[in-house]
Amino acid sequence: MRFGIVTFPGSNGDHDALMAVRLGLGQPAELVWHTETDLSNYDCIVIPGGFSYGDYLRAGAIARFAPVMQAVAREAEAGKPVLGICNGFQILTEAHLLPGALLRNASLEFVCDWVWVRVEQTRTPWTSQLAPGTLLRLPIAHGEGRYYVDEKTLAELERAGQIVFRYVDAKGNATPEANPNGSVANIAGVCNVRGNVVGLMPHPERAFDRLIGGDDGLQILASVLAVGLEVVRGRGGH
Amino acid sequence: MSETARWRAEVFVSLRPGVNDPQGLAVRDGLRRLGYEEVEDVRVGRYVQVWLRAPDVETAERRVAAMCEQLLANPVVEHYRFIIEPA
């Protein structure tokens, strides 16, 4: 399954994602420069972390206008799996491919830590191989990760099953103490209505091997391979 | 006369009421610590100046409002207002 990983000026998680896919999953992956306008060669797309365009104006606000984002929107519309990690999540919300917005952490501090997240939704290609309620230990590194939606939208997201990950404690409880940035309802990740576009603040690509502190992130990246198998079957087994 | 007028828009962007503004709270606490005990609340926003050409002020207003909706503010979490004057 071919992974396309988008690089913006200021991305810094692109090589992490490349390594995670190549070494962790053993799948082909390529970096795609932000001026690219065609992503049809890739089976899934990763928008990585970093500080695209220096996070000028708002995190993700300028990246949204990069030529590649029209291609991302087109592939998302076509149902291709898209994963936005950290800054990639911010970009996808700014591009209105995902609901809500990500604001300055409530603590005003940049948080760099390992957190527990609970899988809330398994209808997305990025969580389809996980059991609901699975706990994953993943690293976070962000200054603007406070997920915000108003109460009405939050109720809609709950109803439509668009909340994919929540920050929890080691026992799986979504407590205020387990919330590293003040996100509403401990939300760490969401998906679009269809479920093929997922964004999350934690970094699954930085947890693909126990040598680097953990390999729980691999479960998210590996989930999407089930979609790849379906594609291959659809092509007649080859 | 073909030359259109030049305008300057001053755009003020702030978080919507009800959206927690930790920067504002930190500044509020700082002001109180400096002795400004009368300070009740502080909200921190963004200030943007835009110079543009438009035939009349109504057109300029319409264009700047569209700029705010599309880029200068994020309507999901932010409010904006602006003043336009000849430049």
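Among the residues making up segment A:76-101, a single one is surrounded by 21 or more Cβ atoms within 10 Å (Cβ to Cβ) and farther than 24 Å from A:Thr153 by Cβ: A:Lys80. Listed by first and then second residue, the pairs with beta-carbon distance under 7 Å, at least 6 apart or on different chains, first residue in segment B:1-23 and within 19 Å of A:Leu102 (Cβ to Cβ), second basic (Lys, Arg) and part of a strand (DSSP E or B), are B:Val13/B:Arg46. Scan segment B:1-23 for residues that are surrounded by 14 or more Cβ atoms within 10 Å (Cβ to Cβ) and facing another protein chain (nearest Cβ under 10 Å) and jot them down. Residues satisfying the conditions are B:Val13, B:Leu15, B:Arg16, B:Val19, B:Asn20, B:Asp21, B:Pro22, B:Gln23.
If the condition is being among the hydrophobic types (A, V, I, L, M, F, W, C) and closer than 19 Å to A:Phe65 by Cα, then segment B:51-87 contributes B:Val64, B:Ala65, B:Ala66, B:Met67, B:Cys68, B:Leu71, B:Leu72, B:Ala73, B:Val76. Among the helices (runs of 4 or more DSSP H) confined to segment A:1-96, the ones with at least 2 residues that are more than 25 Å from A:Leu211 (Cα to Cα) are located at A:67-77, A:87-94. Of all the residues in segment B:59-87, those that are in a strand (DSSP E or B), more than 10 Å from chain A (Cβ to nearest Cβ) and not β-branched (Val, Ile, Thr) number 6. Restricting attention to segment B:66-78 and to residues that are surrounded by fewer than 16 Cβ atoms within 10 Å (Cβ to Cβ) and under 13 Å from the mean Cα position of the chain (by Cα), the residue that is modelled with the lowest pLDDT turns out to be B:Pro75. Residues in segment A:73-98 that are within 13 Å of chain B (Cβ to nearest Cβ) and in contact with an Asp or Glu (Cβ under 8 Å, 6 or more places away or on another chain): A:Gln90 alone.
Being over 19 Å from A:Ile47 (Cβ atoms) and in a loop (DSSP other than H, G, I, E, B) is the requirement here; does A:Pro202 meet it? For A:Pro202, the condition - over 19 Å from A:Ile47 (Cβ atoms) and in a loop (DSSP other than H, G, I, E, B) - is not met. Candidates are the residues of segment B:26-54 that are surrounded by fewer than 10 Cβ atoms within 10 Å (Cβ to Cβ) and touching a strand residue (DSSP E or B) at 6+ places or on another chain (Cβ under 9 Å); the one that is nearest to the other protein chains (Cβ to nearest Cβ) is B:Tyr47. Being free of Cβ contacts under 8 Å to residues at least 60 places away in the same chain and of a type in the set (D, E, K, R) is the filter here; which residues of segment A:1-37 pass it? Correct list: A:Arg2, A:Asp14, A:Arg22, A:Glu30, A:Glu36. I'd like the residue in segment A:62-72 that is out of contact with any His (no Cβ under 9 Å at 6 or more places or on another chain) and surrounded by 17 or more Cβ atoms within 10 Å (Cβ to Cβ) and, out of all such residues, is farthest from the other protein chains (Cβ to nearest Cβ). Looking at residues that are out of contact with any His (no Cβ under 9 Å at 6 or more places or on another chain) and surrounded by 17 or more Cβ atoms within 10 Å (Cβ to Cβ), I get A:Ala71. For segment A:173-186, enumerate the residues that are out of contact with any Asp or Glu (no Cβ under 7 Å at 6 or more places or on another chain) and surrounded by 14 or more Cβ atoms within 10 Å (Cβ to Cβ). Matches in segment A:173-186: A:Ala174, A:Asn179, A:Asn181, A:Gly182, A:Ser183, A:Val184, A:Ala185, A:Asn186. Taken over segment A:111-160, the criterion of being exposed (fewer than 14 other Cβ atoms within 10 Å of the Cβ) and more than 14 Å from chain B (Cβ to nearest Cβ) is satisfied by A:Cys112, A:Asp113, A:Ala131, A:Pro132, A:Gly133, A:Ala155, A:Glu158, A:Arg159.
The values are calculated or read from the model by the stated rules, or taken from the named source; none is laboratory data. Everything quoted here is computed from the prediction, not taken from an experiment. Positions of Cβ are backbone-derived with ideal geometry, glycine not excepted, and every protein chain shown enters the neighbour counts.
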